[in-house]
Every structure is written in C-alpha cells, then in structure tokens.
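Every number in this text was worked out from the coordinates using simple rules, so none of it is lab data. Computed from a predicted structure; not experimentally measured. Neighbour counts are summed over all protein chains in view; Cβ atoms, including those assigned to glycine, are modelled from backbone coordinates with ideal geometry.
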Amino acid sequence: GGVVVVLGGTGRNFAAGMSGGVAYVLDEEGDFVRRCNMTDLELQPVPGEDDMLEKLHHHGGDRMHKGMVDVSGDITRDQERLYQLISNHLHYTGSVRAKEILDHWADYRPKFRKVMPREYRRALEDMERMKLAGGESAP
C-alpha cells in the first residue's frame, strides 16, 4: 500500500511482482513501457488539474509545508500527491533534480506515469464506493 516516486531511470522488468501500492515514474524519453513488467499492472498518465496549486492552498495546502503526504485510497488526487512527495524530497534533501521538476511542473507533470496493480486499484475503488454508500471499510 505504499507510494514511491522515481525521478531517475529504471532498469528492465520494473514492478515485477508488485502486488500493491502506487509508483509514479518520470518517463522523460517516453519509453518506460518497454522496461515495465505489465503483468497485472495498469500504466496511466498522471491527470492534470489547472487549479492544482489553488486547490492545495484552499484545501489543506499546509500539508505540503509540514511534510505530510496523503497516502489514502483517494485515487483522484494523484497530481497533488505527486507534487507533495517531490516537494518533501526537495525540502529534506535539497535535490537539484526535484527543484528542476517543481520549477518546470507544467512541462514535467505530463511525463509521469502512474503504475498500479489492477487488483489493488479495484480494492481501492471498492473501499471508496463503500465509504460513499455509508458503509465501513477495512483499512
């Protein structure tokens, strides 16, 4: 159920045996799919939101500055989560790479790919449906 962001290159057979969690991989060359083990996985772009920074400001944007990252099952907040994780990486490490990505977010965001096992996605969607229906869901 964890979350990882890859800002560098990956080897071949990335995500082989991945049964849960989410990986966001920067695919600058557009060839990541050739190195990813696609068995039982979904590979998606990270959806864009024109008002992402405004949304962060009005809906708990202080989380970004306090180093907190939402890793809940809310699968509609990929861009916010990704931005938070990269911001935290910059804050804690001073990464030049992270700064470059954040400074040019509009150019880099479309180059990220979201990797998630199909069954894990279904489980998150089921939990979200139960929550919306007023039922309890297991952690």
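Points to keep in mind about this one:
- Peptide packing for 7-18, 78-89 was compared via the average number of neighbouring C-beta atoms within 10 Å per residue; ordered from the highest value, the list is 78-89, 7-18.
- Highest to lowest packing among 35-47, 105-117, scored as the average C-beta count within 10 Å: 105-117, 35-47
- Each other residue within a Cβ distance under 12 Å of ARG97 adds +1 if Lys or Arg and -1 if Asp or Glu, for a net charge of -2.
- Neighbours of MET116, meaning other residues whose beta-carbon lies under 12 angstrom from its beta-carbon, give a summed charge of 0 when Lys and Arg score +1 and Asp and Glu score -1.
- Estimated inter-spin distance, ASN13 and LYS131, nm [label 7 Å along Cα→Cβ]: 3.5 nm
- FRET efficiency estimate (nearest 0.05) - Cβ-Cβ, VAL96 to GLN44, R0 35 angstrom: 0.80
- Radius 11 Å from Cβ of GLY8, net charge of other residues (Lys, Arg +1; Asp, Glu -1): 0
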